[in-house]
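Each remark here refers to the structure printed beneath this line.
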C-alpha cells in the first residue's frame, strides 16, 4: 500500500557567510544539509524529503527563501508549535519564518513566480570588518551614476549567455529581467555599515548560474572605466560572444524575496 504523503511550504532566512551554499554536499556545511540534520533530530524515524526553491551559492544569504517538506505517513499536528520547535533546533544563522500545508499539485520550482535579489555594496574606503558577511566593498573610485545607467540596461528580455557560467546542458539563455536598478541603500542598516552604501535590485522569474554576480561585476567594471554602456548593450545580444569575466564576490548577494 502506497504511504500517504503530506506537503508543507516552509520559508526561511539564513546568513550564508559560513555556509557552502544551499545544496547538500558531503564534507561541507550547507543550508539544506543543516535543515535535514535538524529534521532528523526533531522528527526521528520519519521518512521525509526536502526540496529547495533556489540553489544559492556558497556565502550567499537569503532574507526570504523557501523549501518544500515532503512527509510520509502522518501529518504535523500543530504547525505553530512545530515552527517553534524547528527554530529552537536550527543553528543561529538559519531561521524558519513560516510554514503552511500545500497540496500535491504544488510545485516549488514551477510555482515560483518571481525572485528578487539584492546585491549590497560600497566603494572607496574599506568597510568595518563586521560588514563583510553582507556587503561587498570595492576599494576603487567608481562612477556610481554611470553604474546606475548601466543597471537599467539589463531590464527587459535579453540573451544572458555572456552573463553566466555556461554549462554543457541545454540552458535557456533568453531571460526576462522585470526590474534592474542601483539605489542608495536604505534597506539594510547597521551602525558598523559605511555612511553610504548601495544596492543593486534585480527581479525576474529565474536566473542563470552566477548571472546576477556577473551583472554586478560588469557594472563595477563600467564604474571603473574598463567597460562602456555600449559594451553591455552589445553583450546582451543573442549573436554576440563576449563573455563577461568578473564575478562579483558572493557575500554581497542576498535572495530578498520569493513570490509564489
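Bear in mind that the values in this text are calculations on the coordinates, not laboratory data. What you see is a predicted model; the values in this text were computed from it and never measured. With ideal geometry, Cβ positions are generated from the backbone for all residues, glycine too; neighbour counts draw on all protein chains shown.
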Seminar exercise, completed: Using alpha-carbon positions, the gyration tensor of segment 207-260 gives root eigenvalues a ≥ b ≥ c; with a/c under 1.5 called rounded, otherwise prolate if a/b exceeds b/c, else oblate, the class is oblate
For this session: Would you calculate a helix-derived [θ] at 222 nm for the chain, using -39,500 (n - 2.57) for each DSSP H run of n ≥ 4 and dividing by the full residue count, to the nearest 500?
Result: -6000 deg cm²/dmol
For this session: Note the angle between two axes, namely the Cα long axis of helix 79-89 and the longest principal axis of the Cα atoms of the chain, as a number of degrees from 0 to 90, rounded to the nearest 10.
Result: 70 degrees
For this session: At 0.36 nm per residue, minus the direct Cα-Cα distance, what do residue 28 and residue 189 gain on full extension? Give it in nm, one decimal, please.
Result: 54.9 nm
Exercise. Say R0 is 30 Å: what FRET efficiency, to the nearest 0.05, do residue 173 and residue 144 get from their beta-carbon distance?
Worked result: 0.55
Exercise. Under a GNM of the chain (C-alpha, springs under 10 Å), which listed residue has the highest mean-square fluctuation: 89, 141, 162?
Worked result: 141
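Once fully extended, how much extra length lies between residue 80 and residue 41, figured as 0.36 nm per residue of separation less the alpha-carbon to alpha-carbon distance?
Working: separation 39, 0.36 × 39 = 14.04 nm, distance 1.81 nm.
Separation in residues times 0.36 nm, less the Cα-Cα distance, equals 12.2 nm.
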Exercise. If you average 1/r over every pair of different alpha-carbon atoms in segment 5-102 and take one over that average, what Kirkwood value in Å do you get?
Worked result: 13.5 Å
Exercise. By count of other Cβ within 10 Å, fewest leading, how are 103, 111 ordered?
Worked result: 103, 111
Problem set entry | 207, 154 arranged by Cβ crowding within 10 Å, fewest neighbours leading | 207, 154
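For the residues 189, 30, 56, 218, what sequence is obtained by ranking on other C-beta atoms within 10 Å, fewest first? Please list the in-between numbers first.
Values: 189 8, 30 20, 56 23, 218 27.
Going from sparsest to densest Cβ surroundings: 189, 30, 56, 218.
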Problem set entry | Global geometry of segment 174-230, whether rounded, prolate or oblate, following the gyration tensor of its Cα atoms and the 1.5 cut on a/c | oblate
Seminar exercise, completed: The ratio Rg/Rh over the Cα atoms of segment 1-56, Rh being the Kirkwood inverse mean 1/r radius, stands at 1.00
Exercise. Once the Cα atoms of helix 211-223 and of the chain are each reduced to a long axis, what angle between those two axes, in degrees from 0 to 90 to the nearest 10, is obtained?
Worked result: 20 degrees
Exercise. Antiparallel DSSP bridges in the chain: what percent, to the nearest 5?
Worked result: 90 percent
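For segment 102-260, what class follows from the C-alpha gyration tensor (a ≥ b ≥ c being the square roots of its eigenvalues): rounded when a/c is under 1.5, otherwise prolate if a/b is larger than b/c, else oblate?
oblate
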